[in-house]
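Only one structure is covered here, and it is reproduced in the block below.
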Amino acid sequence: MLLVAEPILGEEEAAALSDVIRSGWITMGERVRSFEQAFAAAHDLPDAVAVSSCTAALHLILAALEIGPGDEVLVPSLTFVATVNSVLYTGATPVFVDIESLETPFLSLADAAAKTTARTKAVIVMHFGGNLVDREGWQKFARDRNLLLIEDAAHATGARAVGTLGDAAAFSFYGNKNMTTAEGGAVTARDPDVLHKVRQMRGHGMTTGTFQRHTSRTSTYDVTMLGYNYRMDELRAAAGLVQLKYLAQWNAKRRALTQEYMDTLAERCPTVVVPFARKRGSNSGASSHHIMPVVLPDGADRQAVVDALRDEEIQTTIHYPPAHLFTFYRKHFPLVELPLTEKFSRRELTLPLHPRMEMEDVRSVCSALERALTH
């Protein structure tokens, strides 16, 4: 089966994990800090905080920026539901915003402007597929309305300039991401004080951690804020340090595979829309090329296409079922309608894309898609 996503893991990661186990120190030690510094350096950022997941990263950002009850946060519905859940965790209200178009499934600036109220305090933009949103457009939008700008960068690890658009950014190292620690995430922030607050909040709001007390004469600690158990452990950090070494190489492979997809799809499946076609084909590094979404022709039977590709041992998936249509959110936000998001989601199909693939795999997928659409 050719999978949609497949991590690259091997002897280096195994050796790194073994080193941690032999050290006897398995959580929140020197490796976590080394990973934070290496991750920040790889993105030309001054620092980062490693956490247990991207969901934790989003929650910590919102909490550190003091977003809470009575506030509204503009969010995409075309995203993994964690983006929206994190707003509810703080007691704030998510306000769903439609996408620009089928070709550019980013949060719509026009719809965001129409849904901004006196209670709006922040906007979360999601770098869909690893493609970065309009930097100048969103910075001006936030500046003109005095809003906080938060990047959901779960798809965008390794993309050039990611983490520099807004006030803070959340990254994911889940198993299907461009680099993985199995579970895990990171926070970056423009304001060092915000990042310091995030660092303290991830460990119950404690002023010192176990490792700090172990390596000094301090035997106690204080709790000065409400915190959470969102820490990364040494095992994940050790794996992350290995993965990070290959991130640029793997993203370059993704870029080449994406270009092959676009060229072959244009020839064999001209009725298929490839979102971000111009941006994704660029060699600028402005995309991490995380996934390969396509929009099937209007009227195509997507399930039949999925089944046909599955019969040829090609896995596909959907990015994403709209969050506002899930049962929980329909119950609490029953009046939300996002026509373009819903249209995109009905027709979108995500094809395999990962560095283990070769160009021949791409051509095989495109041929199978051509047959499925024809028959």
task = Determine the pairs where a residue that is within 19 Å of Arg346 (Cα to Cα), located within region 322-334, has a partner that is loosely packed, with under 12 Cβ neighbours inside 10 Å with Cβ atoms under 9 Å apart, the partner being 6 or more residues away or on another chain.
result = His324/Glu337
inquiry  = Whether any residue in region 131-145 is aromatic (Phe, Trp, Tyr), surrounded by fewer than 24 Cβ atoms within 10 Å (Cβ to Cβ) and not in a loop (DSSP other than H, G, I, E, B) is what I want to check.
reply    = yes
query = Considering region 118-151 alone, what residues qualify as being free of Cβ contacts under 8 Å to residues at least 12 places away in the same chain and under 21 Å from the mean Cα position of the chain (by Cα)?
reply = Glu136
ask   = All but one of (1) surrounded by fewer than 15 Cβ atoms within 10 Å (Cβ to Cβ); (2) touching a residue at least 40 places away in the same chain (Cβ under 8 Å) hold for Thr316; which doesn't?
value = (1)
query = Within region 17-53, which residues are surrounded by 20 or more Cβ atoms within 10 Å (Cβ to Cβ) and either more than 30 Å from Pro192 (Cα to Cα) or out of contact with any strand residue (DSSP E or B) (no Cβ under 8 Å at 6 or more places or on another chain) (or both)?
reply = Val20, Gly29, Arg31
query = Among the residues of region 203-212, is any hydroxyl-bearing (Ser, Thr, Tyr), farther than 21 Å from Asp233 by Cα and part of a loop (DSSP other than H, G, I, E, B)?
reply = no
Subset of region 116-129 [buried (at least 16 other Cβ atoms within 10 Å of the Cβ) and not in a strand (DSSP E or B)] = Thr116, His127, Phe128, Gly129
task = Out of the residues in region 214-243 that are charged (D, E, K, R) and part of a loop (DSSP other than H, G, I, E, B), state the one that is modelled with the lowest pLDDT.
result = Arg217
ask   = How about region 42-70: which of its residues are over 20 Å from Phe328 (Cβ atoms), assigned to a loop (DSSP other than H, G, I, E, B) and of a type outside the set (Ser, Thr, Tyr)?
value = His43, Asp44, Leu45, Pro46, Asp47, Ala48, Leu65, Glu66, Ile67, Gly68, Gly70
Leu353 being surrounded by fewer than 21 Cβ atoms within 10 Å (Cβ to Cβ) and part of a loop (DSSP other than H, G, I, E, B) = no
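The values are calculated or read from the model by the stated rules, or taken from the named source; none is laboratory data. Predicted model only: the values in this text are computed from it and were never measured. Cβ coordinates were reconstructed from backbone atoms using ideal geometry, including for glycine residues, and neighbour counts include every protein chain displayed.
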